[in-house]
Amino acid sequence: MQQQKLLIVAATRGAPSPFMESAPLGRSLRRLSYDRRLEARPAFNNRDGLPVVYNRQIIEENREKILLFVHDDVWLDDCFVYDRLQEALAHFDIVGLAGNTRRQPGQPAWGFASADPFVPEDRRYLSGVVADGDQPCGKPSRYGPPGLACLMLDGVFLAARCRTLLDSGVRFDEQFAFDFYDIDFCRSAEAAGLRMGTWPIAITHASLGKFGSPAWRAGLEAYRLKWGD
C-alpha cells in the first residue's frame with residue numbers, strides 16, 4: 001500500500017538555485033531528500049501573498065496528501081517531521097507549533113493580549129516550542145506545553161490533511177497577503193468545527209515578526225473589520 005505523501009508548500013521570492021542553496025527551507029529540503037514520503041512545491045520568484053500560494057494546493061489532485069504550509073525562512077530540524085505530523089493529525093485536524101488555547105475579543109495575535117499598547121498574553125494560555133536563530137538547531141523558546149488544543153496558531157508552520165480542508169471548505173483568505181492570514185485561517189477552521197492544536201516538532205525560525213509595522217496595522221484593521229472585534 002502506497003504511503004500518504006507529505007506535500008510541503010512554501011513561497012520564496014528567489015529562483016530555484018539560490019533557494020535550494022541558501023534558504024533555510026531549501027537547505028532543509030536537501031537534507032531531508034532521503035525521505036521519499038516528502039514532496040515539495042515551493043512557489044519560486046513569488047510575488048503573491050501566502051494565502052494565494054497555499055490555496056493553489058488545496059485541490060482534488062492533493063486530496064490524499066498531508067499539506068504542510070511553512071515559511072521559507074524555517075529550518076526543518078526534525079528529520080522525523082513526517083512521522084510527527086502523522087501522530088499529530090491523529091489528535092487534531094490542523095496542527096501548528098505555537099499557539100493560544102483561548103481567544104479574547106480584540107486580540108491581535110496568538111502571543112499578545114492587546115496591541116494598543118502591546119501586552120503579552122498570559123503564558124498560562126500559551127502552548128508550544130519554537131527555536132529561533134540564523135542557523136539550524138537554534139535556541140528554543142518554550143511558550144507552554146505542546147500537545148494542547150488551541151484556538152489560535154502561529155502561521156510559521158501549519159499542517160492539515162488536504163481532504164479535511166476540501167471537505168470543510170476552509171481556505172486562506174487572500175485579502176491577507178501575510179499578516180493575519182494565520183489567525184484568520186484559525187477562526188475559519190473553528191467556525192467549521194475543526195480541531196486545532198500544537199505538537200512537538202523541531203524547527204528553527206530564522207526571522208522575527210514585524211509587529212506594529214504599517215502593513216501589520218493595516219492587516220489588523222482588515223481582520224477586525226471582517227470578524228467584528
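Scan (1) surrounded by fewer than 16 Cβ atoms within 10 Å (Cβ to Cβ); (2) assigned to a strand (DSSP E or B) for the single condition His91 breaks and write down its number.
Every listed condition holds for His91 apart from (2).
Kindly indicate whether Arg103 is in contact (Cβ under 8 Å) with a residue 24 or more places away in the chain, of a type in the set (D, E, K, R) and outside any strand (DSSP E or B).
Working: in contact (Cβ under 8 Å) with a residue 24 or more places away in the chain: yes; of a type in the set (D, E, K, R): yes; outside any strand (DSSP E or B): yes.
When the stated conditions are applied, Arg103 passes them.
Would you call Asp83 acidic (Asp, Glu), in a loop (DSSP other than H, G, I, E, B) and modelled with pLDDT of 95 or more? Steps first, answer last, please.
Values: acidic (Asp, Glu): yes; in a loop (DSSP other than H, G, I, E, B): no; modelled with pLDDT of 95 or more: yes.
Criteria not met by Asp83.
For region 198-222, which residues satisfy the criterion of being touching a residue at least 60 places away in the same chain (Cβ under 8 Å) and not small (Gly, Ala, Ser)?
The answer is Thr198, Trp199, Pro200, Ile201, Ile203, Thr204, His205, Leu208, Phe211, Leu220.
For region 9-19, what are the residues that are buried (at least 19 other Cβ atoms within 10 Å of the Cβ) and either out of contact with any His (no Cβ under 8 Å at 6 or more places or on another chain) or farther than 12 Å from Asp72 by Cβ (or both)? Spell out how you get there, then give the answer.
Step one: of region 9-19, the residues buried (at least 19 other Cβ atoms within 10 Å of the Cβ) are 9-12, 19.
Selection gives Val9, Ala11, Thr12, Phe19.
Look through Val130, Val119, Val156 and report the one residue that is touching a His at 6+ places or on another chain (Cβ under 7 Å) and farther than 23 Å from Asn55 by Cβ.
Working: Val119 fails: touching a His at 6+ places or on another chain (Cβ under 7 Å); Val156 fails: farther than 23 Å from Asn55 by Cβ.
After ruling out the rest, the residue left standing is Val130.
Give region 130-164 a look and list any residue that's free of Cβ contacts under 8 Å to residues at least 60 places away in the same chain, in a strand (DSSP E or B) and either hydrophobic (A, V, I, L, M, F, W, C) or under 15 Å from Arg84 (Cβ atoms) (or both), or say none.
Result: Ala149, Met152, Leu153.
Residues that are of a type in the set (S, T, N, Q), within 27 Å of Leu208 (Cβ to Cβ) and out of contact with any Pro (no Cβ under 9 Å at 6 or more places or on another chain): list the strands (runs of 3 or more DSSP E) wholly contained in region 6-72 that include at least 2 such residues.
Details: elements: 6-11, 38-43, 66-70.
Filter on region 6-72 gives an empty set.
When you look at Asp173, is it part of a loop (DSSP other than H, G, I, E, B), among the charged types (D, E, K, R) and touching a residue at least 60 places away in the same chain (Cβ under 8 Å), yes or no? Spell out the reasoning first.
Details: part of a loop (DSSP other than H, G, I, E, B): yes; among the charged types (D, E, K, R): yes; touching a residue at least 60 places away in the same chain (Cβ under 8 Å): yes.
Yes, satisfied.
Here are some residues: Leu67, Leu25, Leu6, Leu76. Which one is in contact with a helix residue (DSSP H, G or I) (Cβ under 6 Å, 6 or more places away or on another chain), at pLDDT 95 or above, closer than 18 Å to Cys137 by Cα and crowded, with 18+ Cβ neighbours inside 10 Å? Steps first, please.
On the way: Leu67 fails: closer than 18 Å to Cys137 by Cα; Leu25 fails: in contact with a helix residue (DSSP H, G or I) (Cβ under 6 Å, 6 or more places away or on another chain); Leu6 fails: closer than 18 Å to Cys137 by Cα.
Step by step, each of Leu67, Leu25, Leu6, Leu76 is checked, and only Leu76 is in contact with a helix residue (DSSP H, G or I) (Cβ under 6 Å, 6 or more places away or on another chain), at pLDDT 95 or above, closer than 18 Å to Cys137 by Cα and crowded, with 18+ Cβ neighbours inside 10 Å.
Please work out if Asp35 is surrounded by fewer than 18 Cβ atoms within 10 Å (Cβ to Cβ), out of contact with any Lys or Arg (no Cβ under 8 Å at 6 or more places or on another chain) and closer than 22 Å to Glu174 by Cβ.
Details: surrounded by fewer than 18 Cβ atoms within 10 Å (Cβ to Cβ): yes; out of contact with any Lys or Arg (no Cβ under 8 Å at 6 or more places or on another chain): yes; closer than 22 Å to Glu174 by Cβ: no.
Spelling it out, it is not the case that Asp35 is surrounded by fewer than 18 Cβ atoms within 10 Å (Cβ to Cβ), out of contact with any Lys or Arg (no Cβ under 8 Å at 6 or more places or on another chain) and closer than 22 Å to Glu174 by Cβ.
The values are calculated or read from the model by the stated rules, or taken from the named source; none is laboratory data. Just so it is clear, the model here is predicted, and its values are computed rather than measured. Neighbour counts run over all protein chains shown; Cβ positions are idealised from the backbone, glycine included.
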